[in-house]
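So that we are looking at the same thing, I have put the structure below in structure tokens.
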């Protein structure tokens, strides 16, 4: 993942602006002044996201070439229009989510890789855990 989503940049800008405005409202002029360059830099990133710095290469599981290949295949399937095989694609994605979790990746990192919410990752993992407890069958 080399680009930060624009919505994340915008949200960060809003938080920084709110923190600066709070400092001003609490009459902390020096703190607000120190925050201004940060707010300005974030604003420039939001208005021109193509100049964002790339994230350094990942280490561990996410940095392995076979993992990247598997992730790219899965993401390309997720980005395709739904087909008859969409159930199989979801099952493949869910298996990959489980494997990533077993490789000690955090829920947040897994969610980012699939562009889904952390709660969806947790739901998939909870269902997989219950399937293990109940012998893999649905009741």
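The values are calculated or read from the model by the stated rules, or taken from the named source; none is laboratory data. Everything quoted here is computed from the prediction, not taken from an experiment. We place every Cβ from the backbone using ideal geometry, glycine too, and count neighbours over all the protein chains shown.
Taking interchain pairs and intrachain pairs at least six residues apart, which have beta carbon atoms under 8 angstrom, with the first residue in the range 115-139 and over 14 Å from residue 100 (Cβ atoms) and the second assigned to a loop (DSSP other than H, G, I, E, B) and modelled with pLDDT under 90?
Partner pairs satisfying both residue conditions: 131/137; 131/138.
Could I ask something else about it? Hey, any hits in the range 117-124 for a residue that's modelled with pLDDT of 85 or more, surrounded by 16 or more Cβ atoms within 10 Å (Cβ to Cβ) and in a helix (DSSP H, G or I)? It would help to see each step written out before you state the result.
Kept after step one, since they are modelled with pLDDT of 85 or more, are these residues of the range 117-124: 117-124.
Now restrict to residues that are surrounded by 16 or more Cβ atoms within 10 Å (Cβ to Cβ): 121, 124.
Within this subset, residues satisfying the condition of being in a helix (DSSP H, G or I) are 121, 124.
Yes, the conditions are met somewhere in the range 117-124.
Within the range 27-50, is even one residue part of a loop (DSSP other than H, G, I, E, B), surrounded by 13 or more Cβ atoms within 10 Å (Cβ to Cβ) and modelled with pLDDT under 80?
Taking the range 27-50 as the starting set, the residues that turn out to be part of a loop (DSSP other than H, G, I, E, B) are 27-28, 48.
Subset that is surrounded by 13 or more Cβ atoms within 10 Å (Cβ to Cβ): 28.
Filter once more, so that each one left must be modelled with pLDDT under 80: none.
Checking the range 27-50: not a single residue is part of a loop (DSSP other than H, G, I, E, B), surrounded by 13 or more Cβ atoms within 10 Å (Cβ to Cβ) and modelled with pLDDT under 80.
Continuing with the same structure: Among the residues of the range 94-114, which ones are closer than 16 Å to residue 70 by Cα and touching a residue at least 24 places away in the same chain (Cβ under 8 Å)? Steps first, please.
Pass one, the range 94-114, residues closer than 16 Å to residue 70 by Cα: 94-103, 105, 109-114.
Those that are closer than 16 Å to residue 70 by Cα and touching a residue at least 24 places away in the same chain (Cβ under 8 Å): 94, 96, 97, 98, 100, 101, 103, 105, 109, 112, 113, 114.
Taking the options 88, 111, 99, name whichever one is modelled with pLDDT of 80 or more, part of a helix (DSSP H, G or I), within 23 Å of residue 130 (Cα to Cα) and out of contact with any helix residue (DSSP H, G or I) (no Cβ under 6 Å at 6 or more places or on another chain). Walk me through how you get there before you give the answer.
Details: 88 fails: modelled with pLDDT of 80 or more; 111 fails: out of contact with any helix residue (DSSP H, G or I) (no Cβ under 6 Å at 6 or more places or on another chain).
After ruling out the rest, the residue left standing is 99.
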